[in-house]
1. Treat each spin label as a single point 7 Å out from the Cα along the C-beta direction, and report the Tyr58 to Ser77 distance in nm.
2. Starting from the 7 Å offset along Cα-to-Cβ, what nm value, one decimal, do you get for the label separation of Arg125 and Gln95?
3. P(r) for region 51-155: what percent of alpha-carbon pairs falls in each 10 Å bin, starting at zero?
Amino acid sequence: MLSSQLGKAVLYLDAVGKFGPGWDQLSWGLSAIEEHEQDRHIDGYEKIVHYIRDVIDYLLTNEPSYAESLWRQWAASNILIFQRLSVHAVRISPQMANDDKLRWLLEHEWLYKYGLKHEIFMLLRDVLPSASKEIQEEVVRSALRGPAAEEVQKS
């Protein structure tokens, strides 16, 4: 239900020209998906994002299969705020091994994804140190290759 409301907000933003591939006003209104001091004075749809975050946090512990189906749907969308929520969910998922979290990130080619930087950095901070040497090296190789040309043009 909350995801549906957020989807409606995206449709509205698209109608008024404040949404596009890899960019949406909702996403830029929030510094982070997790609690963040710069997001103390949020209102409107930003609050819905926080409610969704709280629900996914709960579901990851209590209904992990349902939580996974949600964050996989979000990751597959072209809506940046949903992609940010999916990275947050993967980062805090107690069911996923750290190597799997990093493989997921690399499979999506999101290491340099425009608009996901904060959530990607949080995932790397929390997961990379305890990942296997093999996956750490894979992440480093990907980082050294740099962003795709279309990501360079956006930044």
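Nothing in this text is a laboratory measurement; each read-out follows from the coordinates by a stated rule. Not measured: the values here are computed from a predicted model. No Cβ is skipped: glycine too gets one built from the backbone with ideal geometry, and neighbour counts run over all protein chains shown.
1. Result: 1.9 nm between the two label points.
2. So the label points at Arg125 and Gln95 sit 2.6 nm apart.
3. Reading upward from the zero bin: 15, 48, 31, 7, 0.
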